[in-house]
Amino acid sequence: MNTNLSRFSPRPGTRCLRLAFLLSALFPAALPAQTPSARHDSRDAHAVHASRQEPEPASLAPIVITAPATDAPLEVHLDPKAPQQPLPANDGASLLKAIPGMNLIRKGGIDGDPVFRGMAASRLNILLDGEHILGGCGGRMDPPTAYIFPDAYDRVTLLKGPQSVVHGPASAGTVLFERKHERFSQSGWRLNAALTGAGAGRVDSFIDLKGGNRAVYAEGILTRARSDDYKDGKGDAVHSRYERQSATAILGLTPDDDTRIELSAIRSDAEAAYADRGMDGSRFHRENQAVKFEKGRIGGILNKIEASAYYNYIDHVMDNYRLRHGAATPMASNPDRETHGGRLAFTLTPTENTALILGGDLQANKHAGRSGSPRGRADYYRGKARVADARFENHGLFSELTWQIGEARRLIGGLRADRWRATDKRQTVGIGSGMMANDRPNPSANQTRREILTSGFIRLERDFTGGTAYIGLGRSERAPDFWELIGKEAAGQDNSASLSVFARLEPEKTRQIDAGANFQSGPWQAFVSVFYSRIDDYILIESQYAKPAAMGAGTRAATIARNIGATAWGGEAGFNYRLSPAWKSAASLAYVHGENGTDHHALAQMPPLESRLGLDWQRGPWSAGALLRLVAAQNRRAVNQGNVAGQDLGKSGGFAVFSLNGAYRWNKNIQINFGIDNLFDKTYAEHISRSGQASMIQGYEQTTRVNEPGRTLWIRTRIALN
């Protein structure tokens, strides 16, 4: 995009809007009722047992502020179109913050890295409607969630731990962003639209129009979002402005109730300022094409067939001159990545009490880059050819079985094998910086690595009056990803052999036990989920590692990757309690503890203990409520250690943030939500945040971490027509 974000300034009517926000904030917020279920989700292999009936919808769609629905063992569900507090999400990572145990590594106003139970990046498997998408930036400006526009999806599911194999290898968990597709019973159309306004000049708009008949349907989705720099609790601006937009087109054929053939295409782009580094993202261009086929209720032992194929292309630009001032030497970097993938799965029902999914998937991607100066200079970066630096391939086979043992017990298990291959295409490796920078021959140039990776799990679920208890054992192997293999050095003092870690880094092996229960009785709804994991060959990223200087005199600070032994344990818990027909309370708690067994100290990038307390009221078309978020201090740290998404910066203090929100249903088609986040204008930062203004951005205050937004007023209007 060529839009100049600096033009975004509050309009004359903003003051009146702010006053309306303040008045509307006198009404607190609606908390969601967790959808009760004592059985596992009935989709796919779990279709052998009947799913429970959903409760009648409330007169108001609830605001998600404490604990989203946990209606099956190890599963959490979110409605991405529903409003939430803090401020309704502007990308996939900010949406996931509503889940207990999920955190966000902030870099600016958008494009943060999601972290679940202290695990980030490829430890958390993220799929967009069944597809893998991999960003282009070597510094993770664009994790997969950066390309997610929440309103464009209908359901988000978190599968905790290595307790599923059908969506790819996973260690911390899997997040599924999905669209629902229902055959039209007669000719018609549906419209969903939303408009969000907030402080810092933020405006989000969304429209989803779908029409069709029994044989065919078509859908178009448009999203657009923009914001100026937000301010922290002290009133200091944070370098965080952004603009983003997307367009989605979908065409589907439904010859009968059990068959669907779908073609889809997506284009999106964005630009975003970052508070934690020397460059901003001036282009986040994505192109996607996909085809899907589903056939259900086939008859006999074969119950369902699913097949899909997709293509994703990312063209990313980062520079130090478009969204900031004062760069002595304007520079730009322009990586890109192409990803092809596909999946084929069969659901079998060999007996009335068993269901089996058999299938395979594949994914291949190649990464390249180029760099140079702005337009008009001799070394203009777009005038150069891109140079490939890495290629990856993964082919997987999986099977997952559900066995219903009587009416109250289920045994679920799965096995997976992946054949992984990576090739290092770099001919040279750059070391040093500034005048001391130079290129050295890459010791792993043109090398290819191959690994066979295995994963598996087994879980027992037991229904009891009002709920379900479960215990599961899981194991997964994770190959090093692009950010760990490419651009990181190995430990050691040899400035030639240790310049690349490509041939030295072992796959990560996780063994984990998960246990917990979901419960409902009268006015109570509750869940608890705990885990313990041992991680062999955990891939640790360490910065400020001393190595001989590039020119042979003194030392330089390198960033290395190495394997260690680690353990982690913790869990999440939450409850809703209905005090009366109009009043309801809710709370959630999340904690994780990690140990670096090799270095004998804390495992880096572990978020502190966190609790959320909520109270809501609802009567007729009005609802109101409040949220108190409490985060403890984190004294356990490992400075300059972490993962590809972030490093520990030191101790952090605890904080409390109080917010209010409310809603009014104008009629059955229109609902208005509003709120005030961080009511008391608290100045604070998350423990796992990136460092703030580390590069001394001209005109901005230097901070230890990227501070969170101060007091923020927002309003959201949603329209649904059928």
Seminar exercise, completed: Counting only residues that are in a strand (DSSP E or B), within 23 Å of the chain's Cα centre (by Cα) and either over 20 Å from ALA198 (Cα atoms) or in contact (Cβ under 8 Å) with a residue 40 or more places away in the chain (or both), segment 223-238 contains a total of 4
Exercise. Any residue at all in segment 291-301 that is crowded, with 16+ Cβ neighbours inside 10 Å and either of a type in the set (S, T, N, Q) or more than 24 Å from ASP361 (Cβ to Cβ) (or both)?
Worked result: no
For this session: Scan segment 516-562 for residues that are crowded, with 22+ Cβ neighbours inside 10 Å, polar (S, T, N, Q) and closer than 30 Å to LYS488 by Cα and jot them down.
Result: SER533
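So which strands (runs of 3 or more DSSP E) stay within segment 437-492 end to end and still have 3 or more residues that are farther than 30 Å from GLN525 by Cα and among the hydroxyl-bearing types (Ser, Thr, Tyr)?
448-464
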Problem set entry | strands (runs of 3 or more DSSP E) wholly inside segment 255-355 containing at least 3 residues that are closer than 30 Å to GLU407 by Cβ and over 20 Å from the mean Cα position of the chain (by Cα) | 280-299, 302-319, 336-351
Exercise. Just to be sure, is GLY487 surrounded by fewer than 18 Cβ atoms within 10 Å (Cβ to Cβ) and closer than 23 Å to GLN427 by Cβ?
Worked result: no
For this session: Could you give me the residue pairs with C-beta distances under 7 Å whose first residue belongs to segment 239-258 and is within 30 Å of GLY692 (Cβ to Cβ), whose second residue is surrounded by fewer than 14 Cβ atoms within 10 Å (Cβ to Cβ) and β-branched (Val, Ile, Thr) wherever it lies, and which are 6+ apart or on separate chains?
Result: GLU243/THR3
Exercise. Applying the selection to segment 598-637, what residues are part of a loop (DSSP other than H, G, I, E, B), touching a strand residue (DSSP E or B) at 6+ places or on another chain (Cβ under 7 Å) and of a type in the set (A, V, I, L, M)?
Worked result: LEU603, ALA604, MET606, LEU609, ALA633
Exercise. Taking the condition modelled with pLDDT of 95 or more and small (Gly, Ala, Ser), does SER689 pass?
Worked result: no
Exercise. How many residues does segment 102-146 hold that are closer than 24 Å to LEU649 by Cα and either assigned to a strand (DSSP E or B) or of a type in the set (Lys, Arg) (or both)?
Worked result: 17
Exercise. If only one of LEU176, LEU127, LEU159, LEU191 is over 24 Å from GLU508 (Cβ atoms) and at pLDDT 95 or above, which one is it?
Worked result: LEU191
Exercise. In this structure, is ALA368 within 24 Å of ASN446 (Cα to Cα), buried (at least 17 other Cβ atoms within 10 Å of the Cβ) and either of a type outside the set (A, V, I, L, M, F, W, C) or touching a Phe, Trp or Tyr at 6+ places or on another chain (Cβ under 7 Å) (or both)?
Worked result: no
Problem set entry | Residue under evaluation ASP537, criteria (1) on the phi < 0 side of the Ramachandran plot; (2) touching a residue at least 12 places away in the same chain (Cβ under 8 Å), criterion not met | (1)
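The values are calculated or read from the model by the stated rules, or taken from the named source; none is laboratory data. Computed from a prediction, not measured in an experiment: that's the story for all the values here. Here Cβ is always computed from backbone atoms with ideal geometry, including for glycine, and neighbour counts include all displayed protein chains.
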